[in-house]
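Q: Once you've had a glance at the structure underneath, I'll fire off some questions.
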C-alpha cells in the first residue's frame, strides 16, 4: 500500500481558485515565494502546478503538517520545494529577497505577536515592490462583515483568548510600521478577504 500522509481541507478546495486569481495578478510569472503556515500543503501543490515559474517555499511549525506538505509535493509543480520548519516569532530559516510572502488562514488562529512577527519578516525579506498576501476573515470599520464571522470570532476566542478575527485597519498599521502598504482588498468565498500589502522601495527597512 502506498504511504500517503496527505491531509485534506474542504476549505482549500473551495478557495484555491479565487486565491490563485489574486496571486497571478500580483506575483510575477517567475518569482520566489515563501508560504507561511502552509497547512495541509494543498494550496502549495495547486498553485505550483498552475504556475511552473514560481519557486514556492512551503513552511509549517508542526511535524504532522510538514509530513502532509511533503506528500503533496508529488502532486505539485517542479517549483514546489521541500517544506521548512518555521516559527515566525523565532529565527526564520529563509534568506531574501523574496518576491512574495503568502499566509492563508493564519493570523486569526494565532496570537497577535504572530502578525507582528510576520510583518517584520516581510519587511526584512521582501524585495523592493514585493508583496505580502493574506487570506482570511477580517473586521472592517470596527465591525464584522457577516454574522457567521462574528460567531467564528467568538468560537476562536473561546478556544484561545489570544486568537480572533483581526481588524483590517490594525493589521494595516502593523504592516505600515515595516514599510508595507495595503494595496488591494478582494472579496472571497465564505465572507473572507484576500488582502495585498506591497513593500515600498523608498525608505523601507533594510532586508536581511
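The values are calculated or read from the model by the stated rules, or taken from the named source; none is laboratory data. What you see is a predicted model; the values in this text were computed from it and never measured. Cβ sites come from the backbone with ideal geometry, for glycine too, and all protein chains shown count toward neighbours.
Q: Filter region 4-41 for residues that are without any contact (Cβ under 8 Å) to a residue 24 or more places away in the chain and out of contact with any strand residue (DSSP E or B) (no Cβ under 9 Å at 6 or more places or on another chain); which is farthest from residue 132 (Cα to Cα)?
A: 10
Q: From the residues in region 172-191 that are in contact (Cβ under 8 Å) with a residue 24 or more places away in the chain and touching a strand residue (DSSP E or B) at 6+ places or on another chain (Cβ under 6 Å), which one is surrounded by the most Cβ atoms within 10 Å (Cβ to Cβ)? Even if it seems obvious, please write down each step before you answer.
A: So in region 172-191, the residues in contact (Cβ under 8 Å) with a residue 24 or more places away in the chain come out as 172, 174-175, 177-180, 183-184, 186, 188-191.
Pick out the ones that are also touching a strand residue (DSSP E or B) at 6+ places or on another chain (Cβ under 6 Å) and you get 172, 175, 179-180, 183-184, 186, 188.
Values: 172: 16, 175: 24, 179: 23, 180: 26, 183: 12, 184: 15, 186: 17, 188: 18.
Ranking the candidates gives 180 first.
Q: Among the residues of region 25-32, is any touching a helix residue (DSSP H, G or I) at 6+ places or on another chain (Cβ under 8 Å), surrounded by fewer than 19 Cβ atoms within 10 Å (Cβ to Cβ) and either part of a loop (DSSP other than H, G, I, E, B) or at pLDDT below 95 (or both)? Break it down into steps so the answer makes sense when it comes.
A: Initial filter on region 25-32 (touching a helix residue (DSSP H, G or I) at 6+ places or on another chain (Cβ under 8 Å)): none.
No, because not a single residue in region 25-32 is touching a helix residue (DSSP H, G or I) at 6+ places or on another chain (Cβ under 8 Å), surrounded by fewer than 19 Cβ atoms within 10 Å (Cβ to Cβ) and either part of a loop (DSSP other than H, G, I, E, B) or at pLDDT below 95 (or both).
Q: Check whether at least one residue in region 138-153 is surrounded by 15 or more Cβ atoms within 10 Å (Cβ to Cβ), touching a residue at least 40 places away in the same chain (Cβ under 8 Å), within 21 Å of residue 24 (Cβ to Cβ) and touching a helix residue (DSSP H, G or I) at 6+ places or on another chain (Cβ under 8 Å), and report yes or no.
A: no
Q: Okay, moving on. Is region 198-206 home to any residue that is more than 18 Å from residue 88 (Cα to Cα), outside any helix (DSSP H, G or I) and within 15 Å of the chain's Cα centre (by Cα)?
A: Looking through region 198-206, at least one residue is more than 18 Å from residue 88 (Cα to Cα), outside any helix (DSSP H, G or I) and within 15 Å of the chain's Cα centre (by Cα).
Q: Restricting to region 155-171, what's the tally of residues that are farther than 19 Å from residue 120 by Cα and surrounded by 15 or more Cβ atoms within 10 Å (Cβ to Cβ)?
A: We begin by selecting, within region 155-171, every residue farther than 19 Å from residue 120 by Cα; these are 155-165.
Pick out the ones that are also surrounded by 15 or more Cβ atoms within 10 Å (Cβ to Cβ) and you get 156, 163-165.
Within region 155-171, residues that are farther than 19 Å from residue 120 by Cα and surrounded by 15 or more Cβ atoms within 10 Å (Cβ to Cβ) number 4.
Q: Shifting gears a bit: Looking only at region 46-68, filter to residues that are assigned to a strand (DSSP E or B) and within 15 Å of the chain's Cα centre (by Cα); which one of those is farthest from residue 97 (Cα to Cα)? Walk me through how you get there before you give the answer.
A: Taking region 46-68 first, the residues assigned to a strand (DSSP E or B) are 54-57, 59-60.
Subsequent filtering for residues that are within 15 Å of the chain's Cα centre (by Cα) retains 56-57, 59-60.
Working: 56: 13, 57: 13, 59: 17, 60: 20 Å.
Residue satisfying both the conditions and the ranking: 60.
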